[in-house]
């Protein structure tokens, strides 16, 4: 969720949470090479909103000294926990032995987790993939190591590095990991509809589900899940059912985009706004019928004023959302 899980996006997600319900949300990946030199809380990646007491700071790095400095700098935004990224598969991260690259050396990864545990009393999690290769025996050995090294919970995206987001996430591995460790296990991967959240829990026994890129198109998925569980609608939406039909979701996507623009305007300087709107739409448009046209039109806009006009014009005729799409 690099470039996506910033304060404006998180505020949109929060607007769809059932009333009086909280969930853990994550920052973007934060480089431990940069954090010690930054004014944490003022940079676009570390900016937070009032009352963000449920925010986990996700660290990208492997140097224990830099992790120590980064954790200390993050105290200014009072994170609810620290997450070590061992899941990012992109080449520019792997060449530094960050992200899923750390899974290639179990003893080195152990040092990183133990080192982080030694410098913080905050809850500590690890976001990971199946690994660099499909080796279920190694996977179980690795997660047991994480537990012994001090991780408080694990989030597993069951694809190997080379898959990126291609193919099917093997949820069976989430169940295997759940059985192998005593700490909570959160499942991730191939969540596109609210029923996927509930199905993953049923099929794997996981303790929680991480919802990621689909929330750029369907941030009300949290409302939908809450409604199924008997929770109240979000504040300000009392008495309304969650959008369910393709037409209802198309209408809600328009509302969500305008709210996202409002949050960009409130939280970012003008030069920072449009790149974030374009990236948000680059993912969200995949679920929208004719969404690629909207994305292309917004990409041509110089500022939020023009972008709002393009968005409103696009939705002047009813649009629909697809239940599922390809994330490749």
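The values are calculated or read from the model by the stated rules, or taken from the named source; none is laboratory data. Note that the structure is predicted; figures quoted are calculated from it, not measured. Don't worry about glycine lacking a Cβ; one is built from the backbone with ideal geometry, like all the others, and counts go over all protein chains shown.
Which condition does residue 173 not pass, out of (1) closer than 21 Å to residue 327 by Cβ; (2) in a strand (DSSP E or B); (3) in contact with a helix residue (DSSP H, G or I) (Cβ under 8 Å, 6 or more places away or on another chain), if it passes all the others? Every listed condition holds for residue 173 apart from (2).
Residues 267, 285: which one is at pLDDT 95 or above, closer than 19 Å to residue 326 by Cα and not assigned by TED's automatic domain parsing to the domain that holds residue 26?
One residue alone meets the criteria, 285.
In region 7-46, the residue that is nearest to residue 188 (Cα to Cα) out of those that are without any contact (Cβ under 8 Å) to a residue 24 or more places away in the chain and not in a loop (DSSP other than H, G, I, E, B) is 14. Looking at 198, 251, 235, just one residue is outside the structural domain of residue 16 (by TED's automatic domain parsing) and not in a loop (DSSP other than H, G, I, E, B), and that residue is 251. On the stretch given as region 311-328, residues that are under 20 Å from residue 8 (Cα atoms) and buried (at least 16 other Cβ atoms within 10 Å of the Cβ) total 1. Among the numbered conditions (1) assigned to a loop (DSSP other than H, G, I, E, B); (2) closer than 22 Å to residue 7 by Cα, the only one that residue 256 does not meet is (1). Residue count for region 237-269 satisfying the condition of being in contact with a helix residue (DSSP H, G or I) (Cβ under 8 Å, 6 or more places away or on another chain), surrounded by fewer than 21 Cβ atoms within 10 Å (Cβ to Cβ) and more than 20 Å from residue 283 (Cβ to Cβ): 5.
Scanning region 139-166 for residues that are farther than 16 Å from residue 118 by Cα, part of a helix (DSSP H, G or I) and at pLDDT 95 or above yields a count of 6. If only residues of region 110-135 that are touching a residue at least 40 places away in the same chain (Cβ under 8 Å), in a helix (DSSP H, G or I) and touching a strand residue (DSSP E or B) at 6+ places or on another chain (Cβ under 8 Å) are counted, the one that is nearest to residue 83 (Cα to Cα) is 116. Of the residues making up region 270-280, those that are without any contact (Cβ under 8 Å) to a residue 40 or more places away in the chain and either surrounded by 14 or more Cβ atoms within 10 Å (Cβ to Cβ) or outside any helix (DSSP H, G or I) (or both) are 273, 274, 277, 278. Does region 169-184 contain any residue that is in contact (Cβ under 8 Å) with a residue 60 or more places away in the chain, surrounded by fewer than 21 Cβ atoms within 10 Å (Cβ to Cβ) and out of contact with any strand residue (DSSP E or B) (no Cβ under 6 Å at 6 or more places or on another chain)? For region 169-184, residues in contact (Cβ under 8 Å) with a residue 60 or more places away in the chain, surrounded by fewer than 21 Cβ atoms within 10 Å (Cβ to Cβ) and out of contact with any strand residue (DSSP E or B) (no Cβ under 6 Å at 6 or more places or on another chain): absent. Applying the condition of being in contact with a strand residue (DSSP E or B) (Cβ under 9 Å, 6 or more places away or on another chain) and part of a loop (DSSP other than H, G, I, E, B) to region 63-102 and asking which residue is farthest from residue 142 (Cα to Cα) yields 78. Against the test of being more than 16 Å from residue 208 (Cβ to Cβ) and touching a residue at least 24 places away in the same chain (Cβ under 8 Å), the options 156, 139 yield a single qualifying residue, 139.
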